[in-house]
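The values are calculated or read from the model by the stated rules, or taken from the named source; none is laboratory data. A quick note: this is a predicted structure, and the numbers were derived from the prediction, not measured. Positions of Cβ are backbone-derived with ideal geometry, glycine not excepted, and every protein chain shown enters the neighbour counts. We work out accessible area using only protein heavy atoms, side chains counted, and drop any ligands, DNA or RNA first. Shrake-Rupley method; radii C 1.70, N 1.55, O 1.52, S 1.80 Å.
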Amino acid sequence: IKPQPVHRLDYATTGLLLVGKTGIVITALNKLFELKKIQKTYYAVTIGAMELNGIINDPIDGKPASSSFEVVQSVPSERFKFLNLLKLSPHTGRRHQLRKHLWIKGNPILGDATYFKEGLQLKGKGLYLHASSLQFTHPITKEELQIVSNVPARFKKLFPSLF
């Protein structure tokens, strides 16, 4: 068996992608994702004023979907009024879940070319969504793992006091 990814990221999302090296591990990691035993954390930059934290339970494509968010920092923006650095945790795994949830809420992710508010699209800078960490128990060694990827430099430029 060749190493292969055991979950997916949207094409424009940066960060971690978990890959299994053997058939046994690939199957076991897929099962952990299916049972929601792998905690995923993302960071995103969103547009507009928003509450400090919450849970979004809007269905995606007719299926239940749940995401929690916490505003880490908000900064004023001349063009967008406010930009927010969010820590996000998806509790389900629907296609484009975080992007759709934040768009439905009225706070789209900066740089999203699909889910955006008219006149507030940032072109050519990429999507400000980053898969930051994965936390789980290794299915073979039973070791508690937390794998972390630092946010890209472009996030740090918007929120320099945090990084």
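P(r) tail, the chain: Cα-Cα pairs separated by more than 28 Å, 24% of all pairs.
In this structure, the pairs whose alpha-carbon distance is over 23 Å, taken from LYS2/LYS125; LYS87/LYS156; LYS81/LYS125; LYS2/LYS63; LYS36/LYS156, are LYS2/LYS125; LYS2/LYS63; LYS36/LYS156. Within the straight-line cut-off of under 14 Å between alpha carbons, the aspartates and glutamates reachable from LYS123 are ASP112, sequence neighbours fewer than 8 places apart in one chain being disregarded. Electrostatic tally near GLY54: other residues with Cβ closer than 9 Å to its Cβ, Lys and Arg +1, Asp and Glu -1, net -1.
In vacuum, with every alpha carbon of the stretch 39-89 counted as one equal point scatterer, what does the Debye formula give for log10 I(q)/I(0) at q = 0.12, 0.15, 0.31 Å⁻¹? Two decimals, please. After summing over all Cα pairs, the log10 values are -0.30, -0.45, -1.12. Between ARG95 and GLU34, full extension at 0.36 nm per residue minus the direct alpha carbon distance yields a gain of 20.5 nm. Computed from label points 7 Å out along Cα-Cβ, the spacing between LYS125 and ILE24 is 4.8 nm.
Accessible surface computed residue by residue for the chain, with neighbouring protein chains in place and a 1.4 Å probe, gives 57 Å² per residue. Between ASN150 and GLU78, full extension at 0.36 nm per residue minus the direct alpha carbon distance yields a gain of 23.2 nm. Rolling a 1.4 Å probe over the protein heavy atoms of the stretch 43-163, with every protein chain left in place, gives an accessible area that is 52 percent carbon and sulfur. Note on the stretch 119-163: percent of Cα-Cα distances in each 5 Å bin, starting at 0 and stopping at the bin with the largest distance, equals 5, 16, 18, 17, 14, 10, 9, 6, 4, 1, 0.
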